[in-house]
Amino acid sequence: MDFDWLNTFLEVARQKSFSRAAERLHVTQPSISAQIRALETYLGHRLLDRGGGKVTLTAAGRVFQPFAEQSLIQLKHIRLTLEDMERMPRGTLTISANDSTALYVLPLLITKFKKQYPRVSLNIIRAERSKTIALVLDREVEFGIVSLPIRDPRLHIEVIHEDKLVLVVPAGHALTQLKTVTLSDAAKYGFLVPKEGRRRELIDHLFVQNKTARRITMELDSSELLKRLIVAGLGISFMPRINFLEEIKAGLVQAIEVEGVNIPRDLGIISLHSVPLARAASAFFTFATGTTRPDPGTDAIDVGEELEDESALAIGTPPPRTKSS
């Protein structure tokens, strides 16, 4: 059924005349008659009585009139909603990130994004790095935010946050009295380390690479608990500086530069290269990166291509600054 038929029917009913309705709608009278016939044929009922020199509604026409009016109102509402979506994205996005990123990086980003796009709902899944990558590859989340570098031709990768790991010690720790701190100096004290994940890999590699032994006093699966234990004076660790900004300002801990040690901890937003972004997802990507992610093309890399061995990537290698494709 054509919506124009409904508009024509209602105008004829209001004007009680085919000719006046034609004038109002700026069409010919035969066109009005053809549309009414088509509508009546479609419904299988006569809607207008044309006898007696005027046009009146039949019983079926009186029943049909409010439905026609409501249908046109709904059509207008749908059009306005779709136009509004073009101006203001809406929908739901799901993002996966580890505890540290979810607690210290995402809140500021999400707060600013929601001010600009209040109709987009964001769900956050807290998962460690490998799980986050798997969720993106399995299309269970639109985006993951993970530490770099990462190489996978199935993923589009953009840097969104640059940071580094620093040695964090409790206030008044003996290391704070040294003018210069070496890795050997730090290794004399008990380390608190994550049980697994990219940060644990970076810390382990650092000591192996420098042929320095260190004493692990505790392995933890929570970055927040690890942080609290450092503040309580129960150990030291290499941690992202952003995690301790408030504690450093309050004098509860101190971030120490270790001579010859540079551990970048840049974060990237990852998405499945072969899947186009919906409007809300595209808005978030552009907001987070300042760039527009190109739609997947016919030249996308075969997902079966052999992946680069991450273990071969040297600690401190600068992360990619452009998409991985």
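Bear in mind these aren't lab numbers, they're just calculated from the coordinates by the rules spelled out. Predicted model, so just to flag it, every value in this text is computed and none were measured. Quick reminder, even Gly has a Cβ in these numbers, built from the backbone with ideal geometry, and neighbours come from all protein chains shown.
If the chain between residue 31 and residue 216 were fully stretched, how many nm would it gain, using 0.36 nm times the residue separation less the Cα-Cα distance?
On the way: separation 185, 0.36 × 185 = 66.60 nm, distance 8.65 nm.
Full-extension gain reported as 58.0 nm.
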Report task. Pop a pseudo-label 7 angstrom from the Cα along the beta-carbon direction at both residue 41 and residue 131 and give the gap in nm to one decimal. Result -> 6.3 nm
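For residue 255 and residue 279, what does the FRET efficiency come to when R0 = 30 Å and r is the distance between their Cβ atoms, rounded to the nearest 0.05?
After rounding, the FRET efficiency stands at 0.15.
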Requested in this report: Report the relative contact order of the chain, percent, no decimals, based on alpha-carbon pairs under 8 angstrom and at least 6 residues apart.
Outcome: 21 percent
Report summary line: The base-10 log of I(q)/I(0) that the Debye equation returns for the chain at q = 0.08, 0.10, 0.12 Å⁻¹, one scatterer per C-alpha, is -0.56, -0.70, -0.87
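Could you line up 14, 20 from fewest to most neighbouring Cβ atoms inside 10 Å?
Numbers: 14 12, 20 16.
Exposure proxy ranking, most exposed first: 14, 20.
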